[in-house]
Amino acid sequence: MERKRTIPVIAAVVGLLLLAPGGRAAEKEGAEVDWKALQAAKVSLEKGLTAAERQGKPISAKFEIEDGKLQLSVYTAKQDRFWEVIVDNTSGKISKTEEIKEGEDLSAARAQNEAMAKAKKSLRSAVEKAVSGNAGYRAISVVPSLEGGRPVAKAVLENATGTKAVSEGLD
């Protein structure tokens, strides 16, 4: 009798582990970027932010694994609308632009835009400062937020030994 209850519990735990961040199912979409994949990118996060400016004001950016491939995604804001701009990480050219219309992505874009509305510095300048202060690291993401009413950019940096988060003021 006890054995019959144990098997479904084990199956449920295995299923949750596969769906959790870092699990095998999570690897297919939105998985974390490792140093080896990042080294293949010829375009830095900073250059991706610059390229995306043609589609509006950059409000966040990240390298991510999508469909098993590294891509550089930049959220932009323009005329009260939000866009996800995909920048080719080898050429630095915009390869795709898609309007963000709903869901968690829209909620995140609104919060990021609110933080950037109070910023006096660009995300690119915050990332450049974070990278220049941490030799040997590359930026893999940057997201603005409000901390105590102040705009702050949180950049995640990575090198061969690991990752670190760096906060830079935007005011």
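Listing for the model above:
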item: Neighbour net charge for Ala51 - beta-carbon separation under 14 angstrom, K R +1, D E -1; result: +3
item: For the range 72-112: rounded, prolate or oblate by the Cα gyration tensor [a/c cutoff 1.5]; result: prolate
item: Full-stretch length increase - Ser95, Thr161 - with 0.36 nm per residue and alpha-carbon distance subtracted; result: 20.7 nm
item: Mean Cβ count within 10 Å, highest first, over the residues of peptides 164-171, 116-123; result: 116-123, 164-171
item: Cross-link reach list, aspartates and glutamates versus Lys101, counting only Cα pairs under 13 Å and skipping chain neighbours closer than eight places; result: Asp80, Glu84
item: Candidate lysines - alpha carbon under 24 Å from Lys121, same-chain residues fewer than 8 apart omitted; result: Lys47, Lys57, Lys62, Lys78, Lys93, Lys129, Lys154, Lys164
item: Per residue, in Å², the accessible surface of the range 40-171 once ligands and nucleic acids are set aside, probe 1.4 Å; result: 52
item: Residue-wise HN-Hα coupling along the range 146-161, computed from phi with Karplus coefficients 6.51, -1.76, 1.60 (Hz; x: Gly, Pro); result: 9, 10, x, x, 9, x, 9, 9, 9, 9, 9, 10, 9, 9, 5, 9
item: Evaluated over the range 42-105, the Cα radius of gyration and Dmax, each in Å; result: 11.0, 33
item: Cα-Cα pairs of the range 80-171 separated by more than 22 Å (percent); result: 37
item: 13 Å beta-carbon shell around Ala160, net charge (K/R +1, D/E -1); result: +1
item: Label-point gap, in nm, between Ala117 and Ala135 - each point 7 angstrom along Cα→Cβ; result: 4.2
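The values are calculated or read from the model by the stated rules, or taken from the named source; none is laboratory data. These figures come from a predicted structure and were not determined experimentally. Ideal geometry is used to build each Cβ from the backbone, glycine not excepted, and the neighbour counts take in all protein chains shown. Please note that ligands, DNA and RNA were not included when accessible areas were found on the heavy atoms of the full protein model with its side chains. Shrake-Rupley method; radii C 1.70, N 1.55, O 1.52, S 1.80 Å.
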